[in-house]
Amino acid sequence: MSVDKAIFTPVKGKRAFEEVSSKIKALIIEGVLKSGDKLPPEGELGKQFNVGRQTIREALRILELSGFITVQQGFGGGPVVKNTISRKLSDLILDAFQMKEISVEEFTAARLVIEKAILNDAIDNADDQDIEDLQENIAKAKDLLARKQIATDPNFEFHSLLARASKNSVFVILERTINAIHHKLRSQKTADFKTSKAAVLAHEKLLDAIIKKEREKAINLLDQHVLAVRKSY
C-alpha cells in the first residue's frame, strides 16, 4: 500500500537526516506505517519534511541499514516498510564470527546453552502441528539418505523448526543466527554423507524424546549431537 497522505512534518537542525529517520521509525513502531507500505518518492518526502533530497537519501539509508525498510530498485521501486531487523542481527553476529571475534569454541558453548533452552521450551510448548512438521522434516531427510544424498537442508531446518516450536520469537532469531554460523563452518569442508546421516539419526532420537517428554534424555541427546557436530568443523 502506498502512503499518499502527508503524515510527515518539517524538521530542523544540522543533522536533519537523523531526525527524519527517527520520525519515520517512530511511525513504523507505532503501527501508523505497516509492513508493505510504500513510502512517498524522495521528492515528496523532501517537501513534507522540508529538506533536500540528499537528506532524505541519508535518512532512508539509515532506516534500511537498521532493518526498518527496503529500497526497491527499478520502475515502480522506492522505499517500502519491511522488518528485516532479525536478519540484520544475524548478519552482524555472523560478520563478527568471520572477523575472528568469535571462536569455534565460544560458538559451540553458546550454541549448547541456547539450544538447550530452546529444547526445554519446545518440550513444554510444541503443539501437534510442530510435531508433525518435525516428523515431516525427518522423513524428508531420511528419504534423501535413502537416495544416497546428503540431507544438509533438512538438517538445518530441523533446528529452525525446534526453535519455532518453543513459541519464543527471540529463540527463533537466535537459532537463525546459529544456523548461519553453522552453515559457514560446514561450508569450509566437503559435505560428508556419514556426518549427515549421524545428524538425521540424532534428530530422530531427539524428536522421540520430545514427544515422550523425556526432558533429561532429550538434553543429553542434544548435548551429544552438538559436540559431535563440533568435531566435523
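The values are calculated or read from the model by the stated rules, or taken from the named source; none is laboratory data. Fair warning: this is a prediction, and the values are worked out from it, not measured in the lab. No Cβ is skipped: glycine too gets one built from the backbone with ideal geometry, and neighbour counts run over all protein chains shown.
Within region 102-120, take every residue that is exposed (fewer than 14 other Cβ atoms within 10 Å of the Cβ) and charged (D, E, K, R) and give me the one that is farthest from residue 230 (Cα to Cα).
At the first step, the residues of region 102-120 found to be exposed (fewer than 14 other Cβ atoms within 10 Å of the Cβ) are 103-106, 109, 113.
Next, only the ones that are charged (D, E, K, R) stay: 105-106.
Working: 105: 8, 106: 11 Å.
Among residues in region 102-120 that are exposed (fewer than 14 other Cβ atoms within 10 Å of the Cβ) and charged (D, E, K, R), the one farthest from residue 230 (Cα to Cα) is 106.
Consider region 72-128 and keep the residues that are of a type in the set (Gly, Ala, Ser) and in contact with a helix residue (DSSP H, G or I) (Cβ under 9 Å, 6 or more places away or on another chain). The one that is farthest from residue 36 (Cα to Cα) is 103.
Taking into account only those residues within region 121-144 that are touching a Ser or Thr at 6+ places or on another chain (Cβ under 9 Å) and exposed (fewer than 15 other Cβ atoms within 10 Å of the Cβ), which is farthest from residue 209 (Cα to Cα)? Once the filter is applied, the top-ranked residue is 125.
Of all the residues in region 67-83, those that are under 20 Å from the mean Cα position of the chain (by Cα) and not hydroxyl-bearing (Ser, Thr, Tyr) number 8.
Any residue at all in region 110-127 that is among the β-branched types (Val, Ile, Thr), touching a Phe, Trp or Tyr at 6+ places or on another chain (Cβ under 6 Å) and within 21 Å of residue 179 (Cβ to Cβ)? Within region 110-127, one or more residues are among the β-branched types (Val, Ile, Thr), touching a Phe, Trp or Tyr at 6+ places or on another chain (Cβ under 6 Å) and within 21 Å of residue 179 (Cβ to Cβ).
If you take the residues of region 84-101 that are over 15 Å from the mean Cα position of the chain (by Cα) and without any contact (Cβ under 8 Å) to a residue 60 or more places away in the chain, which of them is surrounded by the most Cβ atoms within 10 Å (Cβ to Cβ)? Give the steps one after another, and end with the answer.
So in region 84-101, the residues over 15 Å from the mean Cα position of the chain (by Cα) come out as 96-101.
Adding the requirement that they be without any contact (Cβ under 8 Å) to a residue 60 or more places away in the chain leaves 96, 99-101.
Details: 96: 12, 99: 8, 100: 7, 101: 10.
Out of the qualifying residues, it is 96.
Could you please give the count of residues in region 145-155 that are crowded, with 19+ Cβ neighbours inside 10 Å and in a helix (DSSP H, G or I)? The number of residues fulfilling the criteria is 2. Annotation: of all residues in region 57-75 being touching a strand residue (DSSP E or B) at 6+ places or on another chain (Cβ under 9 Å) and either part of a loop (DSSP other than H, G, I, E, B) or not basic (Lys, Arg) (or both), the one that is modelled with the highest pLDDT is 60. Please work out if residue 232 is hydroxyl-bearing (Ser, Thr, Tyr) and buried (at least 16 other Cβ atoms within 10 Å of the Cβ). In short, no.
Return yes or no: is residue 216 acidic (Asp, Glu) and under 30 Å from residue 83 (Cβ atoms)?
Details: acidic (Asp, Glu): yes; under 30 Å from residue 83 (Cβ atoms): no.
No; evaluated as a whole, the condition is false for this residue.
Of the residues making up region 160-170, those that are in a helix (DSSP H, G or I), surrounded by fewer than 21 Cβ atoms within 10 Å (Cβ to Cβ) and touching a residue at least 40 places away in the same chain (Cβ under 8 Å) number 0.
Within the span defined as region 191-201, every residue fails to be among the acidic types (Asp, Glu) and in a helix (DSSP H, G or I).
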